[in-house]
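Chemist: Quick one: the structure is below, questions incoming.
The values are calculated or read from the model by the stated rules, or taken from the named source; none is laboratory data. In this text the structure is predicted, and so the values were computed from the model without any measurement. Note: ideal-geometry Cβ built from the backbone for every residue, glycine included; neighbour counts use all protein chains shown. The accessibility values were calculated without ligands, DNA or RNA, using every heavy atom of the protein model including side chains. Shrake-Rupley method; radii C 1.70, N 1.55, O 1.52, S 1.80 Å.
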Amino acid sequence: MISIKAVLLDAERQQHQNEKLRLCMWKLRDIFYDAEDVIDDFKCEALRKQDAINHPNINNLKVRVLGSFRLPLSFSLKIAHKIKDINGRLGELATEWNSFGLRQCNDSRHVFCRETISFVDSSDVIGRDEDKENIISMLMKPSEDRNVPVIPVVGIGGLGKTTLAQFVYNDDRVTSLFPLKIWICVSEEFDLSRLLKLIIQSVNKGERCDDSTLDALQARLRSLLNDKKFLIVLDDVWNENQAKWVELRNFLRSTNGFSPSKIIVTTRSLKVASIMSSIPPYILEGLPLEDCLTLFTKWAFNDGDERHYPNLIRIGEEIVKKCKGVPLAVRTLGSLLFQKTDESDWIYIRESEIWRLEQHENDILPVLKLSYNHLPSHLQRCFAFLSLYKKDEIYYSDRVIRLWMANGLLEHPKQNQEWEDVGKRYLNELLSRCLIQMEYDFGLYFNFKMHDLVHDLALDVSQKECKTVNSKTETVDENVRHLLSCEQKLVEVPRVLEEMKNVRTLIIQDVSKASINESLINLCVSNFKYLRALALRRSPLRALPNCIGTLKHLRDLDLAHCGGIQKLPSSFDKLRSLQSLNLEGSGLKLLPDSVQRLIELRHLEMTVEAKHLKEIRAGCWTSLQYLRLGWCKELECLPEGMQYLKSLRTLVLVFCHKLVSLPRSLKFLTKLEHLEIKYCQKINLEMEVEEEEDKDLQLSLKTFSLLELNALRDLPRLLLQGSSSTLQQLQICWCPNLSVLPARLLNLTSLHKLEIVGCIKLSAQLEGIERLTNLTELTIHGCPELSKRYRENAGKDWHKIAHIQPEHPFLLLFASIV
């Protein structure tokens, strides 16, 4: 499998020039998936044996005696047959595969980018006047930086970054401001020697310096640029290696001293922008609809002809809306319709997905695809998976990461990391490359969106693996692995699903009939033997069938807000591979003991109607990272045995109205990093420190949030003392009976964010707050006495917090009462 994976990397790079190779690659990928399933069969068998050892009974006495030394004969025979079949298929493919001369290689990306030039006809640039003025004002702004100031322009492919740079470059004011202008198309290869030669040749046209050493290049560059005021545009930069940029920056600095020269950089990556510049990047937005219509008309008609076709203009307005403000997409679709006056041609473009339309090298999809090609292979698979959501849908980072985990798309964590950390790193990469856009950061997770055109790109690259199906779907490739079914009026299971066997992910949305959901689950059990993720959020389902226990590969089961489910089937403990289980908003009466047998479980969210939860036994839930109890309105206390959750990193308690306290056993959760308690009306968090017993307590809490706790009168001193060197964020909001903050609050040496909102009885000053030297963000709002004391430049104690140096830079101090 390792060898296949390495060769597939080379095949992916070459497939675009060779259709035969592309087809062969997908055959090999299917074999690779089947091999993964065989490996997973072994994992499932190992878990079955481990469970039998952990929970012995008369029926598995043999397993206890034999331990892990022997596999059942039936399992061995079945697996042997599968391995033989896979080897046979590889043998059949080998001759054809070897003819392509592929090699095993590492995962370094190479992107072939187009050349750009500095000239643009200003009459061709539509809707960018304001952006041009903004950039020019930045160029005119004086700088005292000893490095040449860099202005990064960032946005997705096709948004017009290069066009904007050209528009600025050719403005008369810029020409008079910078006597020397240099345009360099950097593209993929950020090589110092190459860039220096390009700069020299741009300044001194025709000069040849192919064989020059770096020293010679530097000397020549110094002679050309010395004491000159210049503007350099570095267009289309992909380099994320800081050392390479620092080399070029130092060369430019050595030639120019402190002269007021400037650099403009265009890039698709926020990471590139942060490496090259200390100022915030200029984020280029899409064009307004009116400007897009003007641009579309320019490319779809000869000058003035549009007046003769009002019917086409009406259709064109709908076509333009699909482009979501991206000029290159508007130009691409306009070009496809140039000199076409048959209404049916326009309707075809309007009704078609952009990714299905034929396009040329410099059209929108090929240009966007450069961003995909530049991703490492593990990120390419994760990005493609995001096509399994509807356009304009809000993605939730934690759910996406769990689906990636379920499907084995994440690299193995490094030391002191967890799988969830790897998933967060992947999402941050996609954010930095502008392939997704964050909507709101909730702290423990964030939600994000994907531009429609980027979603089209995801659909294009995932079409062999991901598919959205409904009652109108007639055919689906039998090797599709991931399915989304979303149709509110679905009256029967789409027939195409009955022919599929290899499905790993099934997400069911908006299906309102309980009988359809039951049929889909039965289909999963009968057909989708290797199903790894099943999402049935807000389903009218009333019960899970007992046969669900046969889905031994299932890792992610999402039953959130399935209020009709009141109990789990007896076979539930057979889901031994389960990593994530969401039962929040269910009608569950109690959580059965069998759930504690799921030793792979890492993420558990649940709602139960019971007053008490079963005691957590030693050896159970040893992998649990995240526990959320939500809407447990009758729950009076957390379960006994919390100290056994040694891996727990996040604990969230929400709308547990009768919960009155936290157990002292939380002090044994030394890996707990995040604690959120919200809307728990009766909870009192008094947890006193016992001097002898707790004097050496070392916890790992990083974030602590308290929201709308009416009975709260004190903070848990035990947790604050144990986390004095680790706590970074403390949020206390709408706790009307909290009147004093403990003195230990001022021992939180790592605290950088403190938020106190709506605590109307809190009146005592924050004595010693000046000792919180790492504090960079302080919010005081809806606390009349505190707000008065710390009012900026006017409050009695303002001087005690005036030292705070915000990171971004903002210091929030509100005196108003909401």
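Chemist: Just one of the numbered conditions (1) in contact with a strand residue (DSSP E or B) (Cβ under 9 Å, 6 or more places away or on another chain); (2) at pLDDT below 95; (3) within 17 Å of residue 388 (Cα to Cα) is not true of residue 482; which one?
Modeler: (2)
Chemist: Any idea how many residues of the range 559-588 are among the basic types (Lys, Arg), under 30 Å from residue 39 (Cα atoms) and without any contact (Cβ under 8 Å) to a residue 60 or more places away in the chain?
Modeler: 1
Chemist: Do we find that residue 753 is farther than 27 Å from residue 657 by Cβ, among the charged types (D, E, K, R), at pLDDT 90 or above and surrounded by fewer than 19 Cβ atoms within 10 Å (Cβ to Cβ) in this structure?
Modeler: Against the criterion (farther than 27 Å from residue 657 by Cβ, among the charged types (D, E, K, R), at pLDDT 90 or above and surrounded by fewer than 19 Cβ atoms within 10 Å (Cβ to Cβ)), residue 753 qualifies.
Chemist: What's the number of the condition residue 247 fails, among (1) open to solvent by 50 Å² or more (accessible area, probe 1.4 Å); (2) touching a strand residue (DSSP E or B) at 6+ places or on another chain (Cβ under 7 Å)?
Modeler: (2)
Chemist: Let me ask something additional. So, in the range 721-744, exactly how many residues are surrounded by fewer than 20 Cβ atoms within 10 Å (Cβ to Cβ) and part of a strand (DSSP E or B)?
Modeler: 3
Chemist: Just to be sure before I move on: is residue 217 out of contact with any Asp or Glu (no Cβ under 8 Å at 6 or more places or on another chain) and either open to solvent by less than 50 Å² (accessible area, probe 1.4 Å) or among the aromatic types (Phe, Trp, Tyr) (or both) in the structure I sent?
Modeler: Considered against the rule, which asks whether it is out of contact with any Asp or Glu (no Cβ under 8 Å at 6 or more places or on another chain) and either open to solvent by less than 50 Å² (accessible area, probe 1.4 Å) or among the aromatic types (Phe, Trp, Tyr) (or both), residue 217 comes out as yes.
Chemist: Which pairs have Cβ atoms under 7 Å, sit 6 or more apart or on different chains, and link a residue in the range 341-360 that is within 14 Å of residue 301 (Cβ to Cβ) to one that is open to solvent by 40 Å² or more (accessible area, probe 1.4 Å) and not in a helix (DSSP H, G or I)?
Modeler: Cβ pairs passing all conditions: 341/309.
Chemist: Residues that are touching a Gly at 6+ places or on another chain (Cβ under 9 Å): which helices (runs of 4 or more DSSP H) entirely in the range 250-350 hold 3 or more of them?
Modeler: Output list reads 289-300, 310-321, 327-336.
Chemist: Report yes if some residue within the range 779-800 is within 23 Å of residue 674 (Cα to Cα), surrounded by 14 or more Cβ atoms within 10 Å (Cβ to Cβ) and not assigned by the TED database to the domain that holds residue 674; otherwise report no.
Modeler: Looking through the range 779-800, at least one residue is within 23 Å of residue 674 (Cα to Cα), surrounded by 14 or more Cβ atoms within 10 Å (Cβ to Cβ) and not assigned by the TED database to the domain that holds residue 674.
Chemist: Select from the range 537-573 the residues that are open to solvent by 40 Å² or more (accessible area, probe 1.4 Å) and under 17 Å from residue 388 (Cβ atoms) and list them in ascending order. I'd like the intermediate steps shown before the answer.
Modeler: So in the range 537-573, the residues open to solvent by 40 Å² or more (accessible area, probe 1.4 Å) come out as 537-538, 540, 542-543, 546-547, 550, 552, 561, 563, 566-567, 570.
The one that is open to solvent by 40 Å² or more (accessible area, probe 1.4 Å) and under 17 Å from residue 388 (Cβ atoms): 537.
Chemist: For the range 684-713, which positions are open to solvent by less than 10 Å² (accessible area, probe 1.4 Å), out of contact with any strand residue (DSSP E or B) (no Cβ under 6 Å at 6 or more places or on another chain) and not in a loop (DSSP other than H, G, I, E, B)?
Modeler: 694
Chemist: Could you name every one of the strands (runs of 3 or more DSSP E) located completely within the range 479-536 that has at least 2 residues being open to solvent by less than 40 Å² (accessible area, probe 1.4 Å) and β-branched (Val, Ile, Thr)?
Modeler: 505-509
Chemist: While we're on this one: Residue check: is residue 227 among the acidic types (Asp, Glu) and over 20 Å from residue 177 (Cα atoms)?
Modeler: no
Chemist: In addition: With (1) outside any loop (DSSP other than H, G, I, E, B); (2) assigned by the TED database to the domain that holds residue 175; (3) without any contact (Cβ under 8 Å) to a residue 24 or more places away in the chain; (4) of a type in the set (Asp, Glu) as the list, and residue 247 as the residue in question, which single condition is left unmet?
Modeler: Here residue 247 meets the rest and fails (3).
Chemist: While we're looking at this one, here's another question. Touching a residue at least 24 places away in the same chain (Cβ under 8 Å), part of a helix (DSSP H, G or I) and open to solvent by 20 Å² or more (accessible area, probe 1.4 Å), is that true of residue 594?
Modeler: Judged against the criteria, residue 594 is a match.
Chemist: Give all pairs with beta carbons closer than 9 Å in which a residue from the range 1-12 that is farther than 15 Å from residue 94 by Cβ and in the same structural domain as residue 26 (by the TED database) meets a residue that is aliphatic (A, V, I, L, M) and surrounded by fewer than 17 Cβ atoms within 10 Å (Cβ to Cβ); count only pairs at least 6 apart in sequence or on separate chains.
Modeler: From the range 1-12, the pairs are 1/39.
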